[in-house]
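Read through the structure below, which is laid out as structure tokens, and then see the notes.
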């Protein structure tokens, strides 16, 4: 059981009436705080504010809303986010600059403060009345299921818990960050270590997924470590550091998979295993190009083993590959090798009907590899996104 | 009337029986030849062969098939393409290395030589019996209409004609080249000039379009200039060079527009006018990012003036833009300016129902600009590409 974190949700009617759209995460003690935010040059007001506040490495609370991104809302957007924090600071009696803000939803419409402000007292009063899962539900937008992952780890004689909560289904192509994700742990971590491990684990998890190639203005991952498990604070060379990192990777990996699995309109989770690259960044570049190819994604939606589209994507990735050195397999069946088709597509048809597909690519250039998650692209994706505002 | 070029088409049954799928362009005299080919690292056999042959700057014929790309077909693919040329060379009595080959269609399946070879004698015999439009029809794959553009230009006392024929509707994101396009002119051009002007005009036309962000393995643009108009050969500093360049640009621009207008499943041609960039490559980078954003393309399919998705795309383009300096308009209505929404979307709704949409973006960073064509993305695109092989 995660120690010392309480959750609350309420209904502010931000976009639609009658659904929980406002959530609060409250740590009983000041937590060591690290964050990674969108690298999109256009940053939402809550991103600008939280990035500034988290710089001091200490936070007590995160308030998050769905239904409105508070992005491209100018000075009013920043003032609104500050006001939200100030009101909660007064009610909760915690320093204003230890409250982090996150928002997700439509871009370019000011937050409806006339509905949000009156909901804050109830939000504050509710702390502890709901679970992390309820909070995960309150931050859903086009998500079809709440995303939460948890792992317990033994650090010497102490047991620590890592709980991750995320949202995201569209505008997913985190470059150096991701959609909203809050990682909470009762482990004690030094600030320096929490920053380093968060960045490193994100590079292996959230940064290797794509739904549609579009990077959001609101991407945010926050790690709060309140130390209530009572372990000796972990630092980069702690003997137990590897165990914590493994747990954190598990939680972030699970959340990443869930985001892609819930990709707007998606029916299949596609895992790309890319190997034989000269460098890791080369591996990621090729994998990302395949992952974002509309032709690859639509072929798989139609259960077509069209490896020609995969090799065309590899060829335009910018990496100087040689056709003769490339091997491509789908669900373990080798389809292209040594410059020629193997004509084994018939072995595949049934397995492509499943809801998970694995693509194996070897570039034959070196020993670096990566794993990348994407999803298929269906007519439903177009329907969802053609009717978003209406 | 274009002088000295003859066309032929026939039915080889390459992918489907009973439709013209093989075409021949024959110049009565050896033509000055320049070509630009896909920069995809994976190149189809006809691309490899034609690129080699065009290096000497002289060609008599182009043979082109639809229904099969002859890409990723290894050594057999190259042999097949060579054999195709050799047979035509024998029948037509022209040098083998003056015959260029082009193919378009599915990747990874060998050319059905048992059906293609017997069709070649009839193809050769038919030269002159059909029009350029018939040839444009024979090279269609998922295209819904044939693409042809023509312009007459007066060069001093001579009238020259430039005729362009193209195909393409999907896997369209030419980087340094484009889909299949054959530009024929009876003007006389020096080889050096024909290479330079083709490259420069392509950079302003075919290289500024996208349907789905996927670059083909078969992209080819060939310019044949047979000189039968009798003008003094044009070179880079000819006084009449500008007139020819203008005509060539017109033809390439028209074909580019047609390809995007015929984008798979597309219902709208979208023109992005990008200005206020520091450099031209910066302008192209931002325009291309908007053009390839699935969220922008699906919003416009749904006639939603979702400028938030446009600014999110601008922000992830890699150009260090500032939100306050960006202006965004759609169909001439300013929607975002000085960091805030103008709330004028209501003025737009009707005009978004039309089949052409213009997006104006100013970055406020400098004086460079570009024009980029893209199209909306509909459920029909997914349907077409999920059922391509079957």
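Nothing in this text is a laboratory measurement; each read-out follows from the coordinates by a stated rule. The structure presented is a predicted model; accordingly, all values stated were derived computationally and were not measured. Positions of Cβ are generated from backbone atoms using ideal geometry, with glycine treated the same way; all protein chains shown enter the neighbour counts.
List of remarks:
- Computed over chain A: relative contact order in percent, which uses C-alpha pairs under 8 Å that are six or more apart: 17
- Cα gyration tensor, region A:24-154 - rounded (a/c under 1.5), prolate or oblate: rounded
- Ratio of the Cα radius of gyration of region A:298-390 to 2.2 N^0.38 Å, where N counts its residues: 1.24
- Based on Cα atoms of the protein assembly as shown, Rg over Rh with Rh as the Kirkwood radius reads 1.03.
- 10 Å Cβ neighbours from other chains, averaged over peptide B:372-384: 4
- Semi-axis lengths (Å, descending) of the ellipsoid that matches the C-alpha gyration tensor of region B:178-326: 35, 18, 12
- Residue A:17 label point (Cα plus 7 Å toward Cβ) to equivalent points in the other copies: 6.5 nm, shortest first.
- Sorted shortest first, the separations between the residue A:129 label point and its copies elsewhere in the assembly read 8.4 nm; each point sits 7 Å from Cα along the Cα-to-Cβ line.
- A straight line joining the Cα centroids of region B:186-208 and region B:359-390 runs 25 Å.
- What sits nearest the axis between copies A and B, counting only chain A Cβ atoms, is the residue and whole-Å distance A:379, 2.
- If you take the alpha carbon atoms of region B:2-47 and fit the smallest convex hull around them, that volume is 126 Å³ per residue.
- Residue among A:342, A:298, A:217 with the largest mean-square fluctuation in a Gaussian network model of chain A, springs linking Cα atoms under 10 Å: A:342
- For chain B, the direction-averaged projected area of the alpha-carbon convex hull comes to 19.2 nm².
- Each copy carries a label point for residue B:152 at 7 Å from Cα toward Cβ; from one copy, the others' points are 8.7 nm away, ordered from shortest.
- Distance between region B:24-49 and region B:265-291 - C-alpha centres, whole angstrom: 28
- Ordering A:316, A:365 by the number of other Cβ atoms within 10 Å of each residue's own Cβ, fewest first, gives A:365, A:316.
- Average beta carbon contacts from partner chains per residue of A:213-220, 10 Å cutoff: 5
- Cβ crowding within 10 Å, taken as a proxy for footprinting-reagent exposure, orders A:269, B:274 from fewest neighbours to most as A:269, B:274.
- Summarised in one figure, the compactness ratio Rg/Rh of region A:127-209, Cα atoms and Kirkwood Rh, is 1.00.
- Computed over region A:228-297, Kirkwood Rh from alpha-carbon pairs, angstrom: 15.2
- Spread over its residues, the convex hull of the C-alpha atoms of region A:189-267 is 107 Å³ per residue.
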